[in-house]
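Novice: Let me begin by handing over the structure; questions about it come next.
Each reported figure results from applying straightforward, stated rules to the coordinates on display, with no laboratory input. All of these numbers come straight from a predicted model, not from anything done at the bench. When we count neighbours, we look across all protein chains shown, and the Cβ atoms used for this are built from the backbone with ideal geometry, even at glycine.
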Amino acid sequence: MTHPPPTRSRYEVVIVGGGIAGAALAYFLAERGLADVLLLERESQPGYHATGRSAATLNELDAVSTLQRLKVLSAPFLREPPAGFADNPLLDPSGVMTLFREPLWSTLRAEAPSFAASGLRLELLAPAEAVARVPLLSVREFDGALLVPDDGHIDVHELLTSYLRHAARRGVERCFDTEVRTIRVEGGRCAGIVTDAGEMHARWVVDAAGAWAGRVAALAGALPIALAPCRRTIVTFAAPAGVDIRDWPMVASEAHRVYFAPESGGLLLSPMDETPMEPCDARPDDVALAAGLERLRALAPRLVPQTLRRKWAGLRTFAPDRVPVVGEDPQRPGFFWLAGQGGCGIETSPILGAIAADLIVEGRTERFDAKALSPARFA
Ligand SMILES: Cc1cc2nc3c(=O)[nH]c(=O)nc-3n(C[C@H](O)[C@H](O)[C@H](O)COP(=O)(O)OP(=O)(O)OC[C@H]3O[C@@H](n4cnc5c(N)ncnc54)[C@H](O)[C@@H]3O)c2cc1C
């Protein structure tokens, strides 16, 4: 996909990064009437890095309460997007079932009413009930399960292209194959960027650079937040002969550190690896994969494949407290963070995009406690 070079040398907002975060922000800015925006992506297509490599799941259940609230706030957009936003449904509510062992299971069972109060519809399942849904699970391997029946598989391509299409329709420009190499600072404030396609002035420079967000922040002399890109591997393989997996939910087991879900007629599995590394075009980790398949052997022996179809990896980038970083930098005015989405940047993109647009347009948001996301918490 090629695009013409930027038409102007000045924009209100320049977004660095054409993944789901940058695309969502472009969309929500344009919806709010701010379309004087340029989105820049180094690769030749949007979504090439983390966005194109995810497990594509909405799972509102999260051990980090800020993340759970963000996901609950995002879910309505994914279930029922604005009229005309997408050509196909964004979410297939195939369900997400998480398996637990004691003592965690008893703790979670006791907390279930508070999840419900937060707007999350949950079913508590005994092991036999979980096995009734996914018959190949070993019933002795876990003590209970939480099923979120309304969550499931997100059509990431549809979401990403819809954000970009609507933003473009309102006048947002985008430019691929264009790397931001320098960030200009004038009088202590971000003033623009320099790319291989030339120099652009901007009132705001937004860091939506995923695994490279720390490096982009360093170009601006922004706060040195210790963002950690961590590799995660995914593999796909055929379902066992004669087993109908079409109605299975995604299954995740904290104790076995694996999750699997139906995907394109077969299964997708992740060994839930989390290896810190420098930002890069990540490649799958075969050692982590082999270990994950051994853990799967304990949980669901018949699922362990003889041959693999496809494997890939991507980087999930975490802030030190594992909560996204959204807001203006406290030491570099005009530099705006939209980073650190870790393992939930797809599912939280509607709410984080909307919050970021509020903060850029109005300097405040009613949607969420902006302080909880602000980069200033690391100052
Ligand atoms: C294996 C795996 C499973 C996951 N599963 C899920 C899931 O089930 N649900 C979920 O919600 N999330 C999931 N995630 C997380 C999700 O994919 C990320 O949180 C999200 O994609 C981050 O989006 P982003 O736009 O910030 O980053 P990216 O998609 O990485 O985009 C950042 C872009 O910035 C560009 N860039 C960087 N530096 C520059 C520069 N100097 N100039 C121009 N461009 C630049 C890069 O080329 C890149 O395209 C998963 C991630 C992985 C890897």
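Novice: With charges set only on the Cβ (+1 for Lys and Arg, -1 for Asp and Glu), what does the dipole of the chain come to about its Cα centre, in debye to the nearest 20?
Specialist: Details: 40 positive and 46 negative charges, 76 e Å.
Around 360 debye, computed over the chain.
Novice: Could you work out, for segment 170-226, what percent of all Cα-Cα pairs fall into each 10 Å distance bin, beginning at 0 Å and stopping at the bin that holds the largest distance?
Specialist: 21, 56, 22, 1
Novice: Could I ask something else about it? Each label point is 7 Å from the Cα along the Cα-to-Cβ direction; what then is the distance between the points at residue 92 and residue 104, in nm?
Specialist: Using points 7 Å along Cα→Cβ, the separation is 2.7 nm.
Novice: Any idea how far the Cα center of segment 199-257 sits from the one of segment 323-373, in Å?
Specialist: 17
Novice: Also, I was wondering about something else. How big is D for segment 288-379, in µm² s⁻¹ as a whole number, if Stokes-Einstein is applied with the Kirkwood radius of its Cα pairs at 4 °C and 1.567 mPa s? Please report the intermediate quantities before stating the final value.
Specialist: On the way: Rh = 15.9 Å.
Rounded to a whole number, D works out at 81 µm²/s.
Novice: For segment 53-205, what value does the Rg/Rh ratio take when both radii are computed over Cα atoms and Rh is the Kirkwood radius, given to two decimals?
Specialist: 1.14
Novice: Still on this structure, please answer the following. Using all alpha carbons of segment 39-95, what is the percent of pairwise distances in each 10 Å bin, ordered from the shortest bin to the longest?
Specialist: Whole-percent P(r) values from 0 Å outward: 18, 37, 38, 7.
Novice: Right, next: Quick check of the Kirkwood formula: for segment 212-344, what is the inverse mean of 1/r over all pairs of different Cα atoms, in Å?
Specialist: Hydrodynamic radius (Kirkwood, Cα only) of segment 212-344 equals 16.6 Å.
Novice: Note the direction-averaged projected area, equal to a quarter of the hull surface, for the Cα convex hull of segment 153-289, in nm².
Specialist: Across all orientations, segment 153-289 yields a mean hull projection of 12.0 nm².
Novice: Now, a different point. P(r) tail for segment 1-117, what percent of Cα pairs lie past 25 Å?
Specialist: Summing the P(r) of segment 1-117 above 25 Å gives 42 percent of all pairs.
Novice: Convert each backbone phi in segment 34-50 into a coupling constant with the Karplus relation 6.51 cos²θ - 1.76 cosθ + 1.60 (shift: θ = phi - 60°), then list the ³J(HN,Hα) values in order as whole Hz, x for Gly and Pro.
Specialist: Coupling constants for segment 34-50: 9, 10, 7, 9, 10, 9, 10, 10, 6, 7, 7, 8, x, x, 5, 8, 3 Hz.
Novice: Can you give me the Cα centroid spacing of segment 258-292 and segment 7-43 in angstrom?
Specialist: 31
Novice: Let me see the pair-distance distribution of segment 1-60: every alpha carbon pair, 5 Å bin width, integer percents in order.
Specialist: Calculated over all Cα pairs of segment 1-60, the distribution is 4, 16, 24, 24, 18, 9, 4, 2, 0 percent.
Novice: Taking Cα pairs under 8 Å and at least six residues apart, what relative contact order does the chain come out at, in percent? Show your work: numbers first, answer last.
Specialist: Numbers: 854 pairs, mean separation 89.1, N = 379.
Result for the chain is 24 percent.
Novice: Still on this model: Given a cut-off of under 8 Å on Cα pairs at least six residues apart, what relative contact order in percent is computed for segment 95-144?
Specialist: Contact order relative to length: 50 percent.
Novice: Relative to the longest principal axis of the chain, what angle (0 to 90°, nearest 10) does the C-alpha long axis of helix 104-117 take?
Specialist: 50
Novice: At each listed q (0.22, 0.23, 0.24, 0.26 Å⁻¹), what is the log10 of I(q)/I(0) that the Debye formula gives for segment 225-287 modelled as equal alpha-carbon point scatterers?
Specialist: -0.95, -0.99, -1.03, -1.11
Novice: According to the Kirkwood expression over distinct Cα-Cα pairs, how big is the hydrodynamic radius of the chain, in Å?
Specialist: The Cα-based Kirkwood calculation yields 21.4 Å.
Novice: May I pose another question? Rounded to a whole number of µm²/s, how large is the Stokes-Einstein D of segment 105-195 at 37 °C and 0.692 mPa s, given Rh as the Kirkwood radius over C-alpha pairs?
Specialist: For the chosen part, D equals 177 µm²/s.
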